[in-house]
């Protein structure tokens with residue numbers, strides 16, 4: 001048999017998960033000097049992962065990266081197989097049998113738990129499910145969120161927490177021309193939420209959201225943002241963090257928090273600037289040094305118990321510890337946003353405490369021993385960190401390791417790749433789609449959005465998507 005990666009013996013790689021990492025990994029392989037066949041499998045009909053179902057609808061520029069990924073799908077070496085759940089419709093072992101290598105890029109699909117009494121009470125949600133719901137993810141289409149209470153609480157102060165708070169804070173007019181799903185827009189239009197709390201366990205010097213996200217809270221039409229001035233007072237270690245060269249970004253964020261601690265002046269009305277000043281009807285409260293310790297309610301969430309924290313330790317190594325002082329907050333809905341974590345996949349080692357696939361530079365390992373043929377990239381490899389572009393370097397590192405293993409991946413047995421995938425799926429009567437079929441669905445979503453002035457109106461059920469192909 002010819003050398004692996006030649007025209008007579010192309011390197012056949014299956015990639016599980018069609019988010020940014022999956023596309024970057026495919027692109028790196030296609031742009032190598034080898035002859036390859038790339039088969040990218042995705043459990044949804046729609047590709048692009050969190051770029052489609054995680055990026056906030058009012059951040060359209062970030063979603064433009066989908067256009068770059070679509071270009072990556074054009075080469076003949078690239079095959080998209082959508083609406084296929086690996087682990088159910090086809091196994092990892094079957095992919096290993098039919099490919100020289102398998103790369104897992106399925107992201108981090110759920111949130112970490114708070115681990116407190118009452119966490120599973122009705123009205124307590126993950127940020128992940130809310131974000132996926134308003135972004136039209138089919139698996140979350142039927143979730144329900146009760147916005148009839150005046151107070152909503154988000155635990156965590158990263159960018160996802162900021163997205164959730166901003167969506168709750170905005171008017172329908174601020175959202176209706178985005179690609180937010182119509183079912184979410186209908187619920188938000190009837191929302192009674194007036195007070196949104198974004199609560200963090202550490203202080204303003206350790207704020208995790210970006211300055212861009214934080215600035216947007218000063219641009220909301222009908223919602224003012226507040227920080228208690230007393231909570232902007234820093235301890236010595238936090239002051240040292242901000243004065244350090246490595247604390248420049250944090251200092252900018254801290255200054256924005258301080259701006260929100262200033263006294264608010266009445267606003268000029270948006271629609272009728274000649275009328276008398278008015279007070280915005282919604283309020284977003286950013287609070288620090290608090291940890292939820294219990295959720296209470298009779299059948300549904302009614303009250304959140306917080307414990308006040310204090311910071312201790314050297315700069316950049318501070319930890320938050322409870323003081324024993326408690327406070328209560330009446331609330332009707334809570335979203336936890338304290339970090340994403342991956343979920344296990346049958347046939348692949350998993351580090352449950354870390355929520356990732358154990359690996360060395362992308363090579364999957366089990367008990368510190370490399371698992372042949374298995375690789376990983378993206379959040380399921382390194383944890384939830386970085387921006388969309390970070391996944392390119394991460395995927396490139398994995399592909400570099402894979403290419404170094406080329407001799408070990410060579411097999412005397414012929415790998416059937418795509419042909420065998422189709423055979424397995426056809427035998428199970430799985431309705432998979434290719435990229436051309438996805439583009440038909442994509443074009444129809446864009447068409448459906450035009451009458452509403454939206455970039456697209458997403459299909460939120462798989463059956464709706466497949467119906468466009470009949």
**Report entry** Residue selected from segment 182-206 under the condition buried (at least 22 other Cβ atoms within 10 Å of the Cβ) and assigned to a loop (DSSP other than H, G, I, E, B), by the criterion nearest to the chain's Cα centre (by Cα)
**Finding:** 200
Report task. State whether one or more residues within segment 19-26 are assigned to a loop (DSSP other than H, G, I, E, B) and either free of Cβ contacts under 8 Å to residues at least 60 places away in the same chain or touching a helix residue (DSSP H, G or I) at 6+ places or on another chain (Cβ under 9 Å) (or both). Result -> yes
Requested in this report: Taking only segment 208-226 into account, find how many residues are surrounded by fewer than 22 Cβ atoms within 10 Å (Cβ to Cβ) and either touching a strand residue (DSSP E or B) at 6+ places or on another chain (Cβ under 8 Å) or not in a helix (DSSP H, G or I) (or both).
Outcome: 9
Query raised in the report: For residue 384, are the conditions met, namely being farther than 22 Å from residue 90 by Cα and assigned to a loop (DSSP other than H, G, I, E, B)?
Result: yes
Report summary line: Conditions (1) out of contact with any helix residue (DSSP H, G or I) (no Cβ under 7 Å at 6 or more places or on another chain); (2) at positive phi -> residue 331 fails only (2)
Query - Residue under evaluation residue 38, criteria (1) modelled with pLDDT of 95 or more; (2) outside any strand (DSSP E or B); (3) crowded, with 18+ Cβ neighbours inside 10 Å, criterion not met - result: (2)
Report summary line: Scanning segment 96-120 residue by residue, those touching a strand residue (DSSP E or B) at 6+ places or on another chain (Cβ under 6 Å), farther than 24 Å from residue 354 by Cβ and surrounded by 15 or more Cβ atoms within 10 Å (Cβ to Cβ) turn out to be 99, 100, 118
Query raised in the report: List, please: which pairs have Cβ atoms under 7 Å, are six or more places apart or on different chains, and start with a residue in segment 313-332 that is farther than 24 Å from residue 154 by Cβ and end with one that is in a loop (DSSP other than H, G, I, E, B) and at pLDDT below 95?
Result: 315/244
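The values are calculated or read from the model by the stated rules, or taken from the named source; none is laboratory data. This structure is a prediction, so every number in the text was calculated from the model and none was measured. Heads up, the Cβs are rebuilt from the backbone with ideal geometry, glycines too, and the neighbour counts pull from every protein chain shown.
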